[in-house]
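Step one of this worksheet: look at the structure below.
The values are calculated or read from the model by the stated rules, or taken from the named source; none is laboratory data. This one's a predicted model, so the numbers in the text were calculated from it and none came from an experiment. We place every Cβ from the backbone using ideal geometry, glycine too, and count neighbours over all the protein chains shown.
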Amino acid sequence: MTKAALILGMATALCSAGATAAPHPTAQVLDVMRENACRLNTADAESAFAVRGLTPEDVSDVVNGWAEQGLAGLDGPFFEIAPAICGAHGLAAEDTEGRTDALFDFVRHNGCRMGEEEAEIKLRPAGFTKAETPELIENLIADGRARQEDPYIIVIGDAC
């Protein structure tokens with residue numbers, strides 16, 4: 001996905017969403033995407049982002065930054081964000097394998113390690129429940145993708 005194509009796709013969908021900018025556009029765009037299971041039809045983007053008061057420029061700046069990092073792109077008419085920033089949104093509660101993969105990507109994107117205090121702040125908004133997190137961590141350790149060093153979970157991989 002090229003940056004120009006992403007800009008064009010989102011700009012087209014947002015051309016008349018010129019409301020007042022929110023104080024934290026990245027958080028607002030992320031909220032909208034998570035509310036839409038991290039996959040948003042560009043035809044629906046104008047109304048979805050306008051409700052948050054985001055301008056086309058705000059959205060373009062955010063999504064282009066994500067695209068440059070390989071965390072977002074277009075899939076046909078849909079704008080998608082990667083599990084690394086989406087978290088577990090859009091995944092069924094019984095999809096343990098998918099949720100384990102999403103936790104791995106999420107922790108990796110957040111510095112490859114996460115302590116209990118940081119997890120308390122970041123995991124719930126990312127769609128992970130406190131009850132499921134120990135099992136997901138156990139799965140990562142059993143798969144050889146993470147290790148536990150109290151008080152941290154540390155993911156292992158090329159990006160870390």
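Quick look at the numbers
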| item | result |
| --- | --- |
| Hits in the range 122-160 (condition: free of Cβ contacts under 8 Å to residues at least 12 places away in the same chain and either surrounded by 21 or more Cβ atoms within 10 Å (Cβ to Cβ) or assigned to a helix (DSSP H, G or I) (or both)) | Pro134, Glu138, Ile141, Ala142 |
| Some residue of the range 54-63 being hydroxyl-bearing (Ser, Thr, Tyr), at pLDDT 95 or above, in a helix (DSSP H, G or I) and surrounded by 13 or more Cβ atoms within 10 Å (Cβ to Cβ) | no |
| Among the residues listed as Glu116, Glu57, Glu68, the single one being acidic (Asp, Glu) and under 15 Å from the mean Cα position of the chain (by Cα) | Glu68 |
| Selection within the range 91-110 - surrounded by fewer than 20 Cβ atoms within 10 Å (Cβ to Cβ) and either at positive phi or hydroxyl-bearing (Ser, Thr, Tyr) (or both) | Thr96 |
| Filtered residues of the range 101-118 (kept if closer than 14 Å to Ile85 by Cα and in a helix (DSSP H, G or I)) | Asp101, Ala102, Leu103, Phe104, Asp105, Phe106, Val107, Arg108, His109 |
| Ala119 vs. criteria out of contact with any Lys or Arg (no Cβ under 8 Å at 6 or more places or on another chain), surrounded by 13 or more Cβ atoms within 10 Å (Cβ to Cβ) and over 21 Å from Ala72 (Cβ atoms) | yes |
| The one condition in (1) among the small types (Gly, Ala, Ser); (2) under 24 Å from Ala27 (Cβ atoms); (3) in contact with a helix residue (DSSP H, G or I) (Cβ under 6 Å, 6 or more places away or on another chain) that Gly90 fails to fulfil | (3) |
